[in-house]
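To start, the structure under review is shown below, and the notes come after it.
Just so it is clear, none of the values below were taken in a lab; they were calculated from the coordinates. Just so it is clear, the structure is predicted and the values come from calculations on it, not from any experiment. Note: ideal-geometry Cβ built from the backbone for every residue, glycine included; neighbour counts use all protein chains shown.
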Amino acid sequence: MDPVIHRTAGSVLEIALNRPDRLNALDEATLEALARALERAEDASVRAVLLRGEGRAFCAGQDLREAAGGALDYQAHLARYNRVVLQIRRLAKPVVAAVHGVAAGAGMALALAADLRVLGRDTRLTTAFARIALVPDSGMTYTLPRTVGWGGAFELLALSPDLSAEEAQRYGLANRVVDEERVLEEARALAARLAEGPTRIYGLIKHALDESARLGLEEVLELEAQLQKLAGEGADHEEGVRAFLEKRPPRFAGR
Ligand code: LHQ
């Protein structure tokens, strides 16, 4: 069975973790397959990515059976996580995570690396790392404090509570909370909507937000000005303005 499956629906690349009997825990083969699937997202025909899990959970994080086997080279293994997190963050297209059931440890980190998260009402999130006496990885110390704030991040990382979807939404970790059986439908609708948007602009927004995390105000203003010049030169900007003047919805080509 392939540990990761993918398909395209219109301009959306849908990538599914596919180890349901292990709650989609991440082992070497899965991380490798995920990285390869994410490479497909670079194709110009793809304008949004949907990340999801098969079975009853999004992802239970690191495969603890593989880790307990003792054969893992931890540094090389971590590099695989880092690669997929960077692929998601550097992809100049929106990534939606359909998070149902559970997202734990590196599984939660993957969900946080995405640009938008749809959770089910019964979905639980847990950072999990400290429960097994590990520090956070897969970018969690980057994404978490930027989403929930400093004080919240320490609590979620140190005490690793099972966060309900409602709490997750209060923390800003969930963009949408829907009935558990509607998570995929809602995430697909969101991804399809984004895939019709000004894709290049979404990439620039993503870049601007990521960069703003490490820049001062003057540098942010400078970067915004540079990106606005690029945006203004795009065909979608021209179409957006024309559509406004003609009082019709825009038809963005993603350029
Ligand atoms: C699993 C797993 C799993 C293997 C469920 N592995 N089999 C760490 C180290 C190195 C490098 C990089 O990064 C990391 C980062 C991390 O991700 S650390 C955090 C690792 N993840 C966890 O600590 C979570 C472990 N899992 C759980 O706490 C529970 O399974 C959760 C809360 C996710 C779900 O609980 P339940 O709904 O009660 O399901 P379950 O525990 O019965 O699990 C179902 C099956 O899936 C079960 O197998 P079995 O053969 O007994 O039916 C579990 O063993 C298996 N499974 N998570 N991470």
Q: Would you calculate the volume per residue, in Å³, of the smallest convex hull containing every Cα atom of segment 193-250?
A: 84
**Q.** For segment 243-252, 3J(HN,Hα) per residue [Karplus equation, 6.51 cos²θ - 1.76 cosθ + 1.60, θ = phi - 60°, Hz, x = Gly/Pro]
**A.** 4, 4, 5, 8, 6, 9, x, x, 10, 7
Q | Ranked packing of 196-204, 241-249, 105-113, most packed first, by mean Cβ within 10 Å | A | 105-113, 196-204, 241-249
Q: Take the alpha carbon gyration tensor of the chain, find the square roots of its eigenvalues, order them as a ≥ b ≥ c, and report rounded if a/c is under 1.5; if not, report prolate when a/b exceeds b/c, else oblate.
A: prolate
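Between VAL135 and LYS247, 0.36 nm times their residue separation minus their Cα-Cα distance comes to what?
So the chain would gain 35.0 nm between VAL135 and LYS247.
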Q: Before rounding to the nearest 500, sum -39500 (n - 2.57) across all DSSP H runs of length at least 4 in the chain and divide by the residue total; then give [θ] at 222 nm in deg cm²/dmol.
A: -14500 deg cm²/dmol
Q) With the dipole of the chain worked out from charges on the C-beta (+1 for Lys and Arg, -1 for Asp and Glu) around the Cα centre, which of VAL241, GLY254, ALA9 lies farthest toward the positive end? A) VAL241
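Determine the shape class of segment 36-89: with a ≥ b ≥ c the square roots of the Cα gyration tensor eigenvalues, call it rounded for a/c under 1.5, and otherwise prolate if a/b is greater than b/c, oblate otherwise.
Since a/c reaches 1.5 but b/c is at least a/b, the shape of segment 36-89 is classed as oblate.
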**Q.** Segment LEU78-LEU217, extension gain: residue separation times 0.36 nm, minus the distance between their alpha carbons
**A.** 46.7 nm
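Hey, got the dipole for segment 1-155? About the Cα centre, +1 on K and R Cβ, -1 on D and E Cβ, debye to the nearest 20?
In debye, rounded to 20, segment 1-155 gives about 440.
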Q | In sequence order, calculated HN-Hα J values of segment 70-77 (Karplus, 6.51, -1.76, 1.60; Hz; x Gly/Pro) | A | x, 8, 6, 8, 4, 5, 5, 5
Q.
Around LYS93, under 11 Å between beta carbons, what's the net of Lys plus Arg minus Asp minus Glu among the other residues?
A. +1
Q. Against the longest alpha carbon principal axis of the chain, how many degrees, from 0 to 90 and to the nearest 10, is the axis of helix 183-195 turned?
A. 30
Q | Nearest 10 degrees, 0 to 90: helix 199-212 Cα axis against the chain principal axis | A | 60
Q | Helix 28-40 axis, angle to the chain major axis (alpha carbon atoms, nearest 10°) | A | 10
Q | Backbone HN-Hα couplings from phi across segment 59-66 [Karplus 6.51/-1.76/1.60, Hz, Gly and Pro as x] | A | 5, 8, x, 3, 6, 6, 5, 5
Q: Using only Cα atoms, locate the centre of segment 59-123 and the centre of segment 183-246, then give the distance between them in Å, rounded to an integer.
A: 25
Q. Can you tell me the Rg and Dmax of segment 1-124, counting just the alpha carbons, in angstroms?
A. 13.6, 43
Q. Taking H as built 1.01 Å from N, whose amide H comes closer than 5 Å to the amide H of ARG19, not counting residues under 5 places away?
A. ASN24, GLU54
**Q.** Listed residues LEU159, LEU217, LEU144, most fluctuating in the chain (Gaussian network, C-alpha, under 10 Å)
**A.** LEU217
(Q) Apply the a/c threshold of 1.5 to the C-alpha gyration tensor of segment 122-206 and tell me whether it is rounded, prolate or oblate. (A) oblate
(Q) Around ALA165, under 13 Å between beta carbons, what's the net of Lys plus Arg minus Asp minus Glu among the other residues? (A) -1
Q: Towards the positive end of the charge dipole of segment 99-207, with charges on Cβ (+1 Lys, Arg; -1 Asp, Glu), say which of LEU159, ALA103, PRO198 has the farthest Cα.
A: PRO198
